[in-house]
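J.: One structure, pasted below without further comment.
We did not get these values from a lab; they are worked out from the coordinates using the rules stated. Note that this is a predicted model, so its numbers are computed, not measured. In this analysis, Cβ positions are derived from the backbone assuming ideal geometry, glycine residues included, and neighbour counts consider all displayed protein chains.
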């Protein structure tokens, strides 16, 4: 009870009575942080639900352009990364400094693979002109029908990327001036009626997966930080909270994806 | 220790600017918040003074509509996000919570400092948006106006709100953990001061409500900046969804802005009635009840926004139920006063003013929760008067009350009681003169956010502006009184009000950098044990 707690380990903060109190408090803090994260993503999931009720056809049509194989692959990659995080926590529990670093680097690599696949998927959206908004003014949102419709119409040409618009029309994508896509002749040949809400679906797709990716990037930063701390020998068998709490955070980010994958790709 | 005038305390043990800016001491952080929010309060008040001046006459004389719109937006954004939300939690909560719990600091002191920096960053962004031309969306940022049509730096202001939101979330998180895990030995939940209970309920709303407005602000920024249109009707988006998301936070936020005030009032009423508070458990749990029900009433802001009539009915009924725990508090405070030996100190005057004004604000809230009446009163001055009675008559009074009550503890000095009373009474009169006419104006149909109006309403508007002048005078007296007191002798003593509570009985004024010289153990029978004089009578007890 006295100020001078000489028995306290060096990593005990002076305002805590003992390590048990410190551990319980920090663990509780992390869980509360997760709670606010759930509400943070909850706003997006709420918007998703709201518009799904309003525009079920748009969701179905929109998701036809997402590749469930890539989504599944990413799911597997992320779950594997959760496993490596668990190994890292296990190593920390045994006081193996190199084990922590090894498994965290493995997590970082798997996270990188996830982001790589995500980049490929985002790139495909660009090729298909499915990026809403004014981010790419030269390639605005342009709906050509669902993937099945486009493939059935025979415009897809996988050998040269997905140029599903009519090759007989004026020029290729590269030399169409910005804004020319909206000209009557071009639209008639290339565009089908846009289901109401289809752009909303893609807005949500990018907002949700983007926010998830942002959390992964933050997680990558934390991994590097923890690796530096571990390298400096900051952890031991009794003291490894950073590793453990990062593990919780990473699992949370995974779980968000576990919800995003079926909601966006499958149903 | 308390007799030694030059005793080491949290204010004088280090005095460099760096020692303030990098402090992790919850008391210093509380003082830093106090200074910051006074700056924001002054800015918000000047905006209000300007448009109140404009409203003296029915025509546009000194402000054009655009300037007028920018001014009321600035008033709302600054006062709500940068004054009211942090007013009691971040200032008094930070300062008092560890003292009341008998601990050395909050659970995460560095996070606490980070929260202040986030708060200031958000504040600078919002002020930057004002300096770079202002925004005219109103503090509610309704779409599609904010996302598509409004001029000005909406992105910057929304980002400011987003950043400040995280300051609020992290403060709430810190408080919840501190209250759960850092209580002194023997201090169980039902011996806690009611201020702590109020902070607890508030913090839960901060942690669970604020992230929703944070993501909503992100969506506004994306829509405005990148043109992706989640709320854009041209793409099939629904602007009403924005209102749902916005009020899912912003209605509970109203309770963030009032619950801590309830906590302050409970402390002060008990202390100056010299009685154990009546119905302790009911007051404590009613805070949680308000926080819980508060999450399910947001729809009463959408009675005229195409929400279904059945949803409206449910939200109307739920809104009425908030009145029950609130009334429990008021009845318990009045029952505490009954038969007490009441001391009319400055904090007590503010507390009694709070009860009266909050009662008016709360009861007019029931008018607005009534579906049919709300259709008539929606977006009128009646609403403006209602929430100013709650926010100013309630929270600002509670903030002033708490500041006067804990001032001797925070700075070790006593203010001039007569001057403080003059300020309190002037503010009370000025406040009523400003806002009571607005109930009448609103009932007659004067819509909010207009800078011109028909001539027959001029008398009421002039009354309101006159009241604002009195109010400004009252606040000036208050600021001068408090400022001057800082240069007086630090002789307030450990427990000038003879109050219970660890911050009075176990800590010096101003407290030691580590709060207590000896870790307190709590042996009281119950909170507010004013019958047991041995608790607070030992002035100068060796710590």
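J.: Helix B:381-390: angle to the longest alpha-carbon principal axis of chain B, degrees 0 to 90, nearest 10?
T.: The helix B:381-390 is inclined about 10 degrees to chain B.
J.: Does a label point 7 Å from the Cα of residue B:450, set along Cα-to-beta-carbon, have any residues of segment B:130-161 with amide nitrogen under 18 Å, and which are they?
T.: Backbone N within reach: B:138.
J.: Over all directions, average the projected area of the Cα convex hull of segment B:21-535 and note it in nm². Each step should come with its number before you reach the end.
T.: Numbers: hull surface 90.4 nm².
With every direction weighted equally, the projected area is 22.6 nm².
J.: Relative to the longest principal Cα axis of chain B, at what angle does helix B:280-293 sit, 0 to 90 degrees, rounded to 10?
T.: That helix lies at roughly 30 degrees to the long axis.
J.: Still on this structure, please answer the following. Compute the long axis of helix B:397-411 from its Cα atoms, compare it with the longest principal axis of the Cα atoms of chain B, and write down the angle in degrees, 0 to 90, nearest 10.
T.: 30 degrees
J.: Considering only C-alpha atoms, what is the centroid distance from segment B:142-212 to segment A:40-103, in Å?
T.: Cα centroid to Cα centroid, the span is 28 Å.
J.: If you take the square roots of the eigenvalues of the alpha-carbon gyration tensor of segment B:431-506 and sort them as a ≥ b ≥ c, do you get rounded (a/c under 1.5), prolate (a/b over b/c) or oblate?
T.: Judged from the Cα gyration tensor, segment B:431-506 comes out prolate (a/c at least 1.5, a/b above b/c).
J.: Compute the distance from the alpha-carbon center of segment B:59-76 to that of segment B:218-235, in whole Å.
T.: 27 Å
J.: Another question about this same structure. Could you tell me the distance between the Cα centroids of segment B:351-395 and segment B:443-516, to the nearest Å?
T.: 20 Å
J.: Using only the Cα atoms of the protein assembly as shown, build the gyration tensor, take square roots of its eigenvalues as a ≥ b ≥ c, and label the shape rounded, prolate or oblate: rounded if a/c is under 1.5, else prolate if a/b is larger than b/c, else oblate. Write down the numbers at each step before the final one.
T.: Numbers: a/c = 2.30, a/b = 1.35, b/c = 1.71.
The shape class here is oblate.
J.: For an R0 of 35 angstrom, estimate the FRET efficiency from the Cβ-Cβ distance between residue B:335 and residue B:188 and round to the nearest 0.05.
T.: Taking R0 as 35 Å, the efficiency between residue B:335 and residue B:188 is 0.90.
J.: Could you list A:14, B:26 in order of exposure, starting from the residue whose Cβ has the fewest other Cβ atoms within 10 Å? Provide the component values of the computation, followed by the final result.
T.: Details: A:14 12, B:26 27.
Fewest to most other Cβ atoms nearby, the residues stand as A:14, B:26.
J.: Given labels modelled 7 Å from the Cα in the Cβ direction, how far is it in nm from residue A:94 to residue B:372?
T.: 7.5 nm
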